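None of the figures in this text is laboratory data; all of them are computed from the coordinates on show. From a predicted model like this one, the values you see are computed outputs, not experimental measurements. Here Cβ is always computed from backbone atoms with ideal geometry, including for glycine, and neighbour counts include all displayed protein chains.
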Amino acid sequence: MSRIQLKTPEQIIAMRQAGLVVQQGLAEMSAAVAPGVTTAEIDAVGRAVLAEAGAKSSFFGYGAEWGITPYPGVACISPNEVVVHGIPDGRVLADGDIVSIDFGAILGGWHGDAARTVAVGSTVSAETAELIAVTRKAAWTGIAALWSAAQVSDVSNAIQRYVEKQPRRYGIVRGYTGHGIGTEMHMSPDIPNHGRPGRGPRVLPGMVVCIEPMLTLGKQETVELDDDWTVVTRDSSPAAHWENTVAVLEDGLWVLTEPDGGAAELAARGVPLAGIAS
Ligand code: MF3
Ligand code: CO
């Protein structure tokens, strides 16, 4: 198991700059989502944001070193039954679809990584809109738990408990997890979205992690397509994904990929915002 990269407050301030590029990209890509738009057109919006910011993509070319198809986009655009890692292409979004947008940026050598799921048009079903809302709140529940967590799996357990107390059953995807982030996009530790508390590495100031639950309206099982990337639900049920990059400081948290640093959602959950965030 590789060691966890702990960052100084100065390094976390540098990571915030990457996080802001990511949130800008997600905001612009989300605004571009509409019926009739292709997933490749959304990726192009992300590409322009990176160019404008002088940032590099965390995703483009990823995987080349393990001999799989290098990732060809700057964002993962995952409609409906696609859980994660949807390759941007000519797929046309339709009214009533949902789409997850996952985006990463490298600035000054530091990575940021976040994802949002949005409705396409105005006819998304109430059940599917609720899937998005629960996935978003599961992510914030995990972030809040990071503050009180002694160990990493306390976050996992908080996410699972939040999802399982909903009036409806959701599939919690097991095959993909949150992760540490810093000078690389995927670093130690992994952060599963389910599990018993009291396991895994200790949560310490200087940790920066991505918390990213993936939920489905059906079963939890997923299948990877033979393009090496696209992950779909085995039962073709719709899936949602919500992710933020979060830093742990001595005096609070800082959500690096949110415009307000997480201030509003953290306050609503009684979690302090780190002093360097304001
Ligand atoms: N952002 C994804 C994650 O949250 C990974 C993207 S895969 C890539 O872990 F190939 F596109 F980089
Ligand atoms: Co991630």
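Here the residues His179, His85, ranked from fewest to most Cβ neighbours within 10 Å of their Cβ, fall in the order His179, His85.
Ellipsoid fit via the Cα gyration tensor, region 210-269: semi-axes of 32, 13, 9 Å, each the root of five times an eigenvalue, largest first. For the pair Asp226 and Arg196 in one chain, pulling the backbone fully straight at 0.36 nm per residue adds 7.5 nm over the alpha carbon distance. Specify the inter-centroid distance of region 116-193 and region 37-96, based on alpha-carbon positions, in whole Å. When both Cα centres are located, 21 Å separates them. Projected onto its three principal axes, the C-alpha set of region 1-60 covers 45, 27, 16 Å, listed from the longest axis down. As a length-normalised measure over Cα pairs under 8 Å and 6 or more apart, the relative contact order of region 92-239 settles at 22 percent. Counting charges near Gly46 (Lys, Arg +1; Asp, Glu -1) among other residues having Cβ under 14 Å from its Cβ returns a value of -3. Summarising the amide proton neighbourhood of Val84: residues at separation of 5 or more, or on other chains, whose placed amide H is nearer than 5 Å comprise Val231. Loop sites by DSSP among the GluC sites (Glu not before Pro) of the chain, restricted to those with at most 16 other Cβ atoms within 10 angstrom, leave 1-183 as the longest stretch without any of them. Take the Cα of Thr38, go 7 Å toward its beta carbon, and the backbone nitrogen atoms of region 53-94 under 11 Å from that spot belong to 88-93. Treating each Cα of the chain as one equal point scatterer and applying the Debye formula with no solvent, the log10 of I(q)/I(0) at q = 0.11 Å⁻¹ comes out as -0.56. Residues in region 163-175 carry Karplus couplings, in order, of 5, 6, 8, 5, x, 10, 7, 10, x, 9, 5, 9, x Hz; the curve used is 6.51 cos²θ - 1.76 cosθ + 1.60 with θ = phi - 60°, and Gly or Pro positions show x.
With an 8 Å cut-off on Cα pairs and a minimum separation of 6 or more residues, tell me the relative contact order of the chain in percent. Worked out over the chain, it gives 21 percent. By the beta-carbon count within 10 Å of each Cβ, the least crowded to most crowded order of Lys7, Lys219, Lys137, Lys165, fewest first, is Lys165, Lys219, Lys137, Lys7. Can you count the Lys pairs in the chain whose Cα atoms are under 30 Å apart, with each pair 8 or more apart or on different chains? Eligible lysine pairs with Cα atoms under 30 Å apart amount to 6. About the centre of its Cα atoms, the chain shows a dipole size close to 920 debye [charges on the beta carbon of Lys, Arg (+1) and Asp, Glu (-1) only; nearest 20 debye].
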